[in-house]
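The values are calculated or read from the model by the stated rules, or taken from the named source; none is laboratory data. Just so you know, these numbers come straight off a predicted model, no measurement behind them. Here the Cβ positions follow ideal geometry from the backbone for every residue, glycine too, while neighbour counts run over all protein chains shown. Side chains included, ligands, DNA and RNA excluded: accessible areas come from the protein's heavy atoms. Shrake-Rupley method; radii C 1.70, N 1.55, O 1.52, S 1.80 Å.
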Amino acid sequence: MNPKDGESIQVTVDTNVQKSLYEQLKDEKGVATALQPKTGEILGLVSTPAFDPNSFSFGIDANTYQFLSTNPDKPLMNRFTKTYSPGSTFKLVTGALAVDEGVVNPNESISISGKKWQKDKSWGDFYVTRVGSKPNVNLRDAYVTSDNIYFAQTALKLGLDKFNSGLKQFGFNQKMPVNYPFETSKIAGDQDIKDEGVLANSGYGQGKLQVNPLHLALMYTSIVNDGNIVKPILMNGDESGIWKKQVISKGTAQLIQKDLVDVIEDKNGTGHAAKIDGLTLAGKTGTAELKKTQGEKGQENGWFVAVDTKQKNLLVSMMIEGVEDKGGSHYVVPKVKNVFQQYNK
């Protein structure tokens with residue numbers, strides 16, 4: 001058989017964005033994705049620690065392969081294809097669904113006493129905890145201070161059916177329409193949530209939720225596209241379009257965008273360290289706690305997602321593993337800020 005030339009393809013990845021993401025993550029165990037939020041073009045996909053793929057081109061030596069395959073930091077694992085607990089970055093979804101369903105009035109403050117809460121004694125030793133202690137909290141406050149109790153109560157107000165169906169509306173339990181083997185985001189494994197405790201926990205991004213980093217970035221495109229989620233594009237020449245039409249209303253998208261701008265602009269916002277003069281970023285931090293029992297000290301993965309709401313030319317999601325002794329998600333915020341600053345030089 002005569003040899004046949006391979007097909008030439010060109011990906012949408014922007015070399016400068018890819019390098020910028022890698023520079024922020026090169027000393028970490030982490031993952032980052034970057035999008036053009038209006039077109040869906042994937043500008044960057046980074047998994048660290050990394051390795052030189054050229055080592056495999058002509059046959060990798062045994063010692064190098066042994067090092068890569070047994071390294072506890074798993075450099076051979078492609079982290080951006082995997083799924084993870086999203087932590088509070090998921091609050092975008094809970095809040096948006098609740099406003100659209102009319103189960104919360106975004107301007108109405110609710111009374112929350114102290115730093116821990118449970119629905120009733122049937123929850124036993126399980127409590128939802130929060131970092132702040134603001135006694136009256138509306139939706140904007142809950143985003144700015146990342147109030148877990150507010151979003152746990154909001155998930156319960158939505159109820160199991162509306163919460164499960166809302167997540168499917170956002171693309172959970174469905175393969176993303178992109179020609180690459182990304183894992184599918186899951187609500188609770190291959191099932192819906194069936195328990196109120198898990199529902200409350202899921203309201204602020206814990207529970208059994210598992211989200212792919214690219215999918216998380218795509219969900220945030222809804223707030224700059226009038227409630228639509230764009231279709232991801234990895235190959236130049238592929239037609240841009242909408243993957244999920246009107247997952248939330250235009251009005252809700254605008255409201256959530258404004259609240260997430262305040263997460264960065266407000267001096268008390270959890271993402272305030274990302275503020276950049278001349279840019280208007282909307283974003284959300286998240287610290288996912290990986291532990292089997294309440295009170296246990298476990299690994300924490302820190303997230304930050306941000307999008308330029310004026311130029312609408314860059315959206316970044318980044319996660320770093322093991323930030324429990326580094327300040328949680330606050331460790332990630334300046335790294336994402338650096339990417340936006342380099343992009344806008």
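Things worth noting here:
- Most to least accessible of Trp117, Trp123 (protein chains only, probe 1.4 Å): Trp117, Trp123
- The portion of the accessible surface of the chain made up by carbon and sulfur, rounded to a whole percent, is 46 (1.4 Å probe; DNA, RNA and ligands excluded).
- Once backbone amide H atoms are built at 1.01 Å from N, Ile276 has Leu281 as its partners under 5 Å, excluding neighbours fewer than 5 places away on the same chain.
- Built amide H within the under 5 Å cut-off of Ile110, gap 5+: Val137, Asn138
- Across the stretch 310-317, rounded Karplus estimates of 3J(HN,Hα) from the backbone phi angles (6.51 cos²θ - 1.76 cosθ + 1.60, θ = phi - 60°) give 9, 6, 6, 10, 8, 9, 10, 10 Hz, Gly and Pro being marked x.
- Highest-first arrangement of 170-180, 76-86, where packing means the average Cβ count within 10 Å: 76-86, 170-180
- Our coupling estimate for the stretch 226-237, obtained by passing each phi through the Karplus curve with A = 6.51, B = -1.76, C = 1.60 and θ = phi - 60°, is 6, x, 9, 9, 6, 7, x, 10, 10, 10, 4, x Hz, Gly and Pro reported as x.
- Residue-normalised accessible area of the chain, expressed per residue, 1.4 Å probe, Å²: 46
- Taking every DSSP helix (H) stretch of at least 4 residues in the chain, weighting each as -39,500 (n - 2.57) and dividing the sum by the residue count yields a mean residue ellipticity at 222 nm of -9000 deg cm²/dmol.
- Pairs of Lys residues in the stretch 1-101 that lie 8 or more places apart, or on two chains, and have C-alpha atoms under 23 angstrom apart add up to 11.
- Angle in degrees between helix 91-101 and the longest Cα principal axis of the chain, rounded to the nearest 10: 50
- On Cα atoms only, tilt of 250-265 relative to the major axis of the chain in degrees: 80
- Residue-by-residue Karplus 3J(HN,Hα) for the stretch 50-64, coefficients 6.51, -1.76, 1.60, Hz, glycine and proline x: 10, 8, 7, x, 5, 4, 8, 5, 10, x, 6, 6, 4, 5, 5
- Considering only alpha-carbon pairs that sit under 8 angstrom and 6 or more positions apart, the relative contact order computed for the chain is 21 percent.
- Basic side chains Lys and Arg get +1 at the Cβ, acidic Asp and Glu get -1 at the Cβ, and with that the dipole of the chain about its Cα centre reaches some 520 debye.
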